[in-house]
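Values in this text are rule-based calculations from the coordinates and carry no lab data. All values derive from a computational prediction rather than experimental measurement.
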Amino acid sequence: MKEIDIDGVKYTLINNEKDGFDEEIFRERLTDYFDAFDIIVGDWSYGQLRLKGFNEKGNKEFKNINDSSKIEEYIKTYCAFGCKWFAVKRKGTEKRVKDEKKDENKQKS
């Protein structure tokens with residue numbers, strides 16, 4: 001399994017259906033909103049990456065709508081049939097620490 005480090009937080013790629021994981025685009029789309037989730041699922045629709053967060057039952061932020069045991073159901077119900085998709089699992093509870101210089105360089109480009 002592939003390990004990814006984004007802004008000091010480690011993730012493990014736990015599913016990569018049809019080679020759907022693109023690390024560069026995932027990094028661009030990942031926001032602070034996803035810091036509260038144990039698992040992030042990404043799926044491709046019309047050339048765009050969509051992200052959805054899920055939690056395991058032990059997480060204090062757990063809600064039935066984001067139950068990680070329902071990832072397969074989410075894929076079948078809300079994603080395009082046969083789409084590329086992936087899931088990454090967060091390791092630890094650290095908050096991401098953004099590199100302000102990277103953000104400034106993006107804005108100047």
Above-threshold pairs, the threshold being 21 Å between Cα atoms, out of LYS10/LYS63; LYS2/LYS91; LYS2/LYS84; LYS60/LYS89; LYS18/LYS89: LYS10/LYS63
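Using only helices, what value at 222 nm comes out for the chain when you add -39,500 (n - 2.57) per DSSP H run of length 4 or more and divide by the total residues, to the nearest 500 deg cm²/dmol? Intermediate results must be reported in sequence, preceding the final value.
On the way: 3 runs with 24 residues, N = 109.
Only helices count here, giving -6000 deg cm²/dmol.
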Whole-Hz ³J(HN,Hα) from phi, Karplus 6.51 cos²θ - 1.76 cosθ + 1.60, for the stretch 8-16, glycine and proline x: x, 10, 9, 10, 10, 6, 9, 8, 9
Stretch gain in nm, segment PHE81-TYR46, where the contour uses 0.36 nm per residue and the Cα spacing is subtracted: 11.4 nm
